[in-house]
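Heads up, the thing below is written out as structure tokens.
The values are calculated or read from the model by the stated rules, or taken from the named source; none is laboratory data. Quantities reported herein were computed from a predicted structural model and do not represent experimental measurements. A quick note on method: Cβ atoms are made from the backbone with ideal geometry, for glycine too, and the neighbour counts reach across all protein chains shown.
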Amino acid sequence: MPIITLTTDFGIKDPLVAAVKGRIYSELSDAVVVDLSHEVSPFDIAEAAFILKSAYKDFPKETIHIVGVDTLINPLKKPIAAYIDEHYFIGSDNGILSLICADVAPRELVEITIPQAQAETVFPTRDIFVPVACHLARGGKLSVVGQRLKQFKELSLLKPVIKENKTINGTVIYIDNYGNVITNISEKIFDQIGKKRNARVWFRNQEFTEIYTNYNQIVKDFEREEENYGKGLALFGSSGFLEIAIYKSNPQTVGAASTLYGLKKGDLVNVEFD
């Protein structure tokens, strides 16, 4: 039985997550359901896209990913399902696939047209996405649940702007639990544009001329490690995206990149090459 993951902005106070899981188990009593996150900021497509992009590759092939963020149907936002990188994704055509498809194109993409999708519902995640996920989990085909689409909506916020093969203008798309600030500049884009040239990362009145691949690289002497607490650094972390971090950050004590540098989602972070 394939795994079904859930990514939503429902939180854990309300009964919405339980209702979705209950509907899955009602259709597939032996389903394997994994929570990616239910703490996505309300209607924050970029945040949901980052979480999904960062986690989906660690799951087995044919895993089914339900995305319950900004899902209410309207004439410009239809329910869709896609087969991408040997994984299934079910959600709304609101730009959520932009980050994943920056590296790989969908092999199959459909607008969901099963009867549930034609009825008015205030809970598409439960009433539309779950039946599709369970259909796929039983080995069903995407062609049965919808009409083929040629393209999906793209979210410009999730794409950095390249200027003259010298500058990358990125945007903050996520702030993690440690207050580290993650941008939409991927290491792949950085390498393609940079071509091993020296780089300068800058935002507001701050700049970094060294980019690390590990938080510990900022420490020169671990016997005096505490002297590095609170130091800022730029690095490509486990997500594969450029982030601004504070070594051993704690938003409650030494501070965090988001608070110390005053960075928030949507702010600009730039990379300039020699």
Worksheet item: Phe152 is checked against (1) hydrophobic (A, V, I, L, M, F, W, C); (2) surrounded by 13 or more Cβ atoms within 10 Å (Cβ to Cβ); (3) assigned to a helix (DSSP H, G or I) and fails just one. What number does that condition carry?
Response: (3)
Practice prompt. Please give the number of the condition Ile193 fails out of (1) surrounded by fewer than 18 Cβ atoms within 10 Å (Cβ to Cβ); (2) more than 20 Å from Ile175 (Cβ to Cβ).
Written response: (1)
Worksheet, complete the sentence: When the stretch 49-89 is checked residue by residue, the ones that are farther than 24 Å from Ser156 by Cβ and in a loop (DSSP other than H, G, I, E, B) are Phe59, Pro60, Lys61, Glu62, Thr63, Glu86
Item to complete: Provide a single number: the residues in the stretch 122-149 that are in a loop (DSSP other than H, G, I, E, B), surrounded by fewer than 16 Cβ atoms within 10 Å (Cβ to Cβ) and not small (Gly, Ala, Ser).
Response: 3
Practice prompt. For residues that are at pLDDT below 90 and part of a strand (DSSP E or B), scanning just the stretch 219-258, find the one that is farthest from Glu272 (Cα to Cα).
Written response: Asn250
Worksheet item: Among the residues of the stretch 227-268 satisfying the criterion of being under 17 Å from Val172 (Cβ atoms) and among the polar types (S, T, N, Q), which is nearest to the chain's Cα centre (by Cα)?
Response: Ser239
Item to complete: Find all pairs meeting these conditions: Cβ atoms under 8 angstrom apart; at least six residues apart or on different chains; first residue within the stretch 180-193 and basic (Lys, Arg); second residue surrounded by fewer than 21 Cβ atoms within 10 Å (Cβ to Cβ).
Response: Lys188/Asp103; Lys188/Gly240
Item to complete: Search the stretch 1-40 for residues being among the hydroxyl-bearing types (Ser, Thr, Tyr) and free of Cβ contacts under 8 Å to residues at least 40 places away in the same chain, and hand back the single one that is nearest to Ser186 (Cα to Cα).
Response: Ser37
Practice prompt. Kindly provide the set of residues from the stretch 39-68 that are in contact with a strand residue (DSSP E or B) (Cβ under 6 Å, 6 or more places away or on another chain), crowded, with 19+ Cβ neighbours inside 10 Å and not aromatic (Phe, Trp, Tyr), ordered by number.
Written response: Ala46, Glu47, Ala48, Ile51, Leu52, Thr63, Ile64, His65, Ile66, Val67, Gly68
Worksheet entry | Residues that are farther than 11 Å from Gly240 by Cβ and part of a strand (DSSP E or B), drawn from the stretch 173-182 | Ile173, Tyr174, Ile175, Val181
Worksheet, complete the sentence: Flagged in the stretch 78-90 as surrounded by fewer than 17 Cβ atoms within 10 Å (Cβ to Cβ) and either touching a Lys or Arg at 6+ places or on another chain (Cβ under 6 Å) or without any contact (Cβ under 8 Å) to a residue 24 or more places away in the chain (or both), in numbering order, are Glu86
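For every residue, the table says whether it meets (1) buried (at least 22 other Cβ atoms within 10 Å of the Cβ); (2) among the β-branched types (Val, Ile, Thr); (3) within 30 Å of Lys77 (Cα to Cα); (4) out of contact with any strand residue (DSSP E or B) (no Cβ under 7 Å at 6 or more places or on another chain).
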residue: Thr171; (1), (2), (3), (4): no, yes, yes, no
residue: Asn177; (1), (2), (3), (4): no, no, no, yes
residue: Val181; (1), (2), (3), (4): yes, yes, yes, no
residue: Asn184; (1), (2), (3), (4): yes, no, yes, no
